[in-house]
Amino acid sequence: MSDMPPITLDEMGKIRLMKRTDTKFLTNKAGLLRVLQLAKNDYYAQEIDGKRIAHYRTTYWDFDKHGFYVMHQNGHKPRMKVRVRTYEDSDGLTFLEIKRKDNHGKTKKKRTQVKSQTEIVESGGDKYLIQQTGIALDELHPCLQNYFKRITLVNKAMTERLTIDFDVEYTNFETQTKTDSDNLVIIELKRDGMVYSPIRQILVDLHIHPSGYSKYVIGSCMTNPSLKRNRLKERLVYINKINHRTEQFTEN
């Protein structure tokens, strides 16, 4: 990653993906090192104050009966998540965010800035949530928090962004259970329609395949044994296999 030229937040803000499609891929840290090596000539790395690894903290809110989790576990669309995300390298900048996935699989996110993870109502977050969803904040409660590290890449054609998340740590507020993602790396490709993607070809060549992954759903499943998980069992087995993949990542 150090071989890639930097791109600033201001420059990142100029990238407009008008017909965005999002695809997630799972690999492990050995796979990530190989991806970065092969991608170094085609991408910029986001840099903030000389740092290329950013730190995020997210708290997910849900109903007492975990309605948002259940919708996702059951594969229902449309569905929604409510979370509060803090960008720890940007003076604790924090947003209340609402993520929706429609019947066509498209994801849309709306957000409003709040003072902190705990000062949501005081920042107008409750009013915003009611306006956007019809749900009041006191109908929900904080269930799960995660902390993770992120690398962000942008291709030189400025037609896609790539977020790479790793070292995810989970804390469940209901069970007091803590765990982590071990060796897993979550790559999300956000590109403008179906334009050519250098990184997608690299991933195909390394046998790194598209795979859905929700930090809220997987983190909840890993830390709360009372939650329904029948549709997730196969996914958890696959994640464990990727996490401990030992064969060398080589191109076709």
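The values are calculated or read from the model by the stated rules, or taken from the named source; none is laboratory data. All figures in this text were calculated on a predicted structure; none of them were measured in a lab. So basically every Cβ, Gly included, is an ideal-geometry build from the backbone, and we count neighbours across all protein chains shown.
Kindly establish whether residue 91 is more than 20 Å from residue 23 (Cα to Cα) and either surrounded by fewer than 18 Cβ atoms within 10 Å (Cβ to Cβ) or out of contact with any helix residue (DSSP H, G or I) (no Cβ under 8 Å at 6 or more places or on another chain) (or both). Taking the combined requirement at face value, the residue satisfies it. Scanning the stretch 194-252 for residues that are among the acidic types (Asp, Glu) and either within 20 Å of the chain's Cα centre (by Cα) or over 27 Å from residue 40 (Cα atoms) (or both) turns up just one, 234.
May I ask you to verify whether residue 169 is outside any strand (DSSP E or B), among the charged types (D, E, K, R), modelled with pLDDT of 95 or more and more than 19 Å from residue 1 (Cβ to Cβ)? Spelling it out, it is not the case that residue 169 is outside any strand (DSSP E or B), among the charged types (D, E, K, R), modelled with pLDDT of 95 or more and more than 19 Å from residue 1 (Cβ to Cβ). Within the stretch 63-110, the set of residues being free of Cβ contacts under 8 Å to residues at least 24 places away in the same chain and in contact with an Asp or Glu (Cβ under 8 Å, 6 or more places away or on another chain) comprises 108, 109, 110. In the stretch 33-45, the residues that are more than 15 Å from residue 160 (Cβ to Cβ) reach residues that are in a helix (DSSP H, G or I) with C-beta atoms within less than 6 angstrom, at least six apart or across chains, in these pairs: 38/202. The listed residues are 36, 26, and the only one of them that is in a helix (DSSP H, G or I) and within 19 Å of the chain's Cα centre (by Cα) turns out to be 36. Filter the stretch 53-67 for residues that are surrounded by 16 or more Cβ atoms within 10 Å (Cβ to Cβ), of a type outside the set (Phe, Trp, Tyr) and closer than 30 Å to residue 6 by Cα and give the result. Within the stretch 53-67, 53, 54, 57, 58, 59 qualify. Do we find that residue 179 is among the hydroxyl-bearing types (Ser, Thr, Tyr), within 18 Å of the chain's Cα centre (by Cα) and loosely packed, with under 14 Cβ neighbours inside 10 Å in this structure? For residue 179, the condition - among the hydroxyl-bearing types (Ser, Thr, Tyr), within 18 Å of the chain's Cα centre (by Cα) and loosely packed, with under 14 Cβ neighbours inside 10 Å - is met. Tallying residues that are loosely packed, with under 14 Cβ neighbours inside 10 Å and touching a Lys or Arg at 6+ places or on another chain (Cβ under 9 Å) within the stretch 111-135 yields 1.
Applying the set (1) at pLDDT 95 or above; (2) assigned to a helix (DSSP H, G or I); (3) within 30 Å of residue 230 (Cβ to Cβ) to residue 72 leaves exactly one unmet item: (1). Count of the stretch 68-83 residues, restricted to those that are surrounded by 15 or more Cβ atoms within 10 Å (Cβ to Cβ) and either out of contact with any helix residue (DSSP H, G or I) (no Cβ under 8 Å at 6 or more places or on another chain) or acidic (Asp, Glu) (or both), is 2.
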